[in-house]
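Peer 1: The structure under discussion is supplied below as structure tokens; questions concerning it will follow.
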Amino acid sequence: MSVTNPHGISTSKLDEILASYDYKKSNLIAILQKVQEVYRYLPEDAMIYIGTKIEGLSPATVFGVATFYAQFSLEPKGKYEIKVCDGTACHVRGSMPVLNAIKNKLNLVDGAMTTNDGLFSLETVSCLGACGLAPVVVINDKVYPQMTSDAISIVLDTLLKEER
């Protein structure tokens, strides 16, 4: 029997994920990665459930792992995850105007990093390892090199048009 809590977390889906990793605590990171792939973040209820289902783990341990690694998010992420590099090469070549253009285009104000409709999430990263292409923006693993404020506006317009 599948139970869905008020946050839309299906225990049958979690059991399916846990079973695919043999309910082993040594597979915790892979399990959390899969849960995040399904829900676009790590819901608290899912982490509690995982912590009670894997022998030798507790919800506190699951939370500890989830908060230790930067790859995990405890907040919902958008369908399109935008990463703006602000490493030295990107910064010097204008990543901040690109970041500000994204914030303006998506109406992200007061520190919000995900749009109200859940379509876009924005974050800055220290380095994407593409310094020769600076400034670089990555959207869902697609690299956009040598970005400018105008160029990123066109990219976002294209994505928004596809969503309509």
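Peer 1: Can you tell which of Lys53, Lys13, Lys142 shows the greatest fluctuation in a Gaussian network model of the chain with Cα springs below 10 Å?
Peer 2: Residue with maximal mean-square fluctuation among Lys53, Lys13, Lys142: Lys142.
Peer 1: Let me ask something additional. For the chain, what does -39500 (n - 2.57) per DSSP helix run (n ≥ 4), summed and divided by total residues, give at 222 nm, in deg cm²/dmol to the nearest 500? All intermediate terms of the calculation are to be shown ahead of the outcome.
Peer 2: Numbers: 7 runs with 73 residues, N = 164.
Dividing the helical sum by the residues of the chain leaves -13000 deg cm²/dmol.
Peer 1: Calculate one ³J(HN,Hα) per residue across the range 71-86 by plugging θ = phi - 60° into the Karplus curve 6.51 cos²θ - 1.76 cosθ + 1.60, and present them in order as whole Hz with x for glycine and proline.
Peer 2: 5, 9, 10, 8, 10, x, 9, x, 4, 10, 9, 9, 10, 9, 6, 10
Peer 1: Tabulate in residue order the Karplus-calculated ³J(HN,Hα) for the range 51-62, using 6.51 cos²θ - 1.76 cosθ + 1.60 with θ = phi - 60°, rounded to whole Hz; enter x for Gly and Pro.
Peer 2: x, 8, 9, 9, 4, x, 10, 10, x, 4, 5, 4
Peer 1: Oh, and also: Cysteines of the chain lacking any other cysteine beta carbon under 4.7 Å?
Peer 2: Cys127, Cys131
Peer 1: What list of ³J(HN,Hα) couplings, whole Hz, do you get for the range 126-139 from phi and the Karplus terms 6.51, -1.76, 1.60, once you set θ to phi - 60° and write x for glycine and proline?
Peer 2: 6, 6, 10, x, 10, 4, x, 9, 4, x, 10, 10, 10, 10
Values quoted throughout were computed directly from the atomic coordinates according to the rules given, and no laboratory measurement underlies them. Predicted, not measured: the structure shown is a model, and the values here were computed from it. Cβ: placed from backbone, ideal geometry, glycine included. Neighbour counts: every protein chain shown.
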